[in-house]
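A short worksheet on the structure shown next.
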Amino acid sequence: MFEIFASFGVALGLIGGADPELWAIVLLSLKLSLAAAVAGAAIGLPLGALIAVGRFPGRQALIVVLNALLGLPSVVVGLVVYLLLSRAGPLGNWGILFTPSAIVVAQTVLVVPIVAALARQTTEDAWMEYREQLTSLGVSRLRAVPTVLWDTRFSLLTVVMAGFGRAASEVGAVMVVGGNIDGVTRVMTTAIALETSKGDLPLALGLGIVLIAVVLAINAGAYGIREWSARHHG
């Protein structure tokens, strides 16, 4: 028990003392997660809105598939991305396997279903509210997509933040496609797993504390945005 408390104290020292190794891992993690969140939003938001306003054969089946992908095991995503990016794969000529770019690709694949599914639910409510008005103005369903996206922008920002949180907390897919290479592809989640297995509890605890703080900050930010939007645009 004393060893745990001692490790916790050292971990706080690493955080407060701006330990270079710890903060290099943290900054890389945040950079890659942010890139994946932006890429996931660029794909997921329009996709979700198109499904929300569109009426086409197979729409309900697509919604079911999209919702099912929310529970897609991350290691399976990692395996699929690994096969695509490996030398024998169709994207092997990209040469990005075991690089930060591969991590962003895997995280983006995980983020897109979350953003798209939540965006569909959010924008569908807005579409139902403005459908008659937009239709009377001669606005097609496709042209209505930017309108509903803009109208729900504050709610969708929380969706993007949820995608960022998903990317930041990912470990399975990142381990498979990134290889957990020190100084290159080692992010918070993979470093925690590695350092714990090595018995280096202070660094693992330090990274864990920062990761929890990041997740809490994301949720607090999402809650604050929802409350502010409700007060000023409710």
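For the reader, a short list of remarks on this structure follows.
- Scanning segment 181-193 for residues that are farther than 14 Å from LEU22 by Cβ and either of a type in the set (Asp, Glu) or open to solvent by 20 Å² or more (accessible area, probe 1.4 Å) (or both) yields ILE181, VAL184, ALA193.
- Count - residues of segment 194-214 that are loosely packed, with under 14 Cβ neighbours inside 10 Å and under 22 Å from the mean Cα position of the chain (by Cα): 2
- Boolean, SER86 is surrounded by 13 or more Cβ atoms within 10 Å (Cβ to Cβ) and over 22 Å from LEU211 (Cα atoms): yes
- Close contacts from segment 166-177, counting a first residue that is surrounded by fewer than 24 Cβ atoms within 10 Å (Cβ to Cβ) and a second that is outside any helix (DSSP H, G or I) and among the β-branched types (Val, Ile, Thr), with Cβ to Cβ under 9 Å and a gap of 6+ residues or different chains, come to ALA168/VAL187; VAL171/VAL187.
- Yes/no for TRP150 being open to solvent by 60 Å² or more (accessible area, probe 1.4 Å) and among the aromatic types (Phe, Trp, Tyr): yes
The values are calculated or read from the model by the stated rules, or taken from the named source; none is laboratory data. Keep in mind that what you see is a predicted model, and the values were worked out from it rather than measured. Positions of Cβ are backbone-derived with ideal geometry, glycine not excepted, and every protein chain shown enters the neighbour counts. Accessible surface areas use protein heavy atoms only, side chains included; no ligands, DNA or RNA. Shrake-Rupley method; radii C 1.70, N 1.55, O 1.52, S 1.80 Å.
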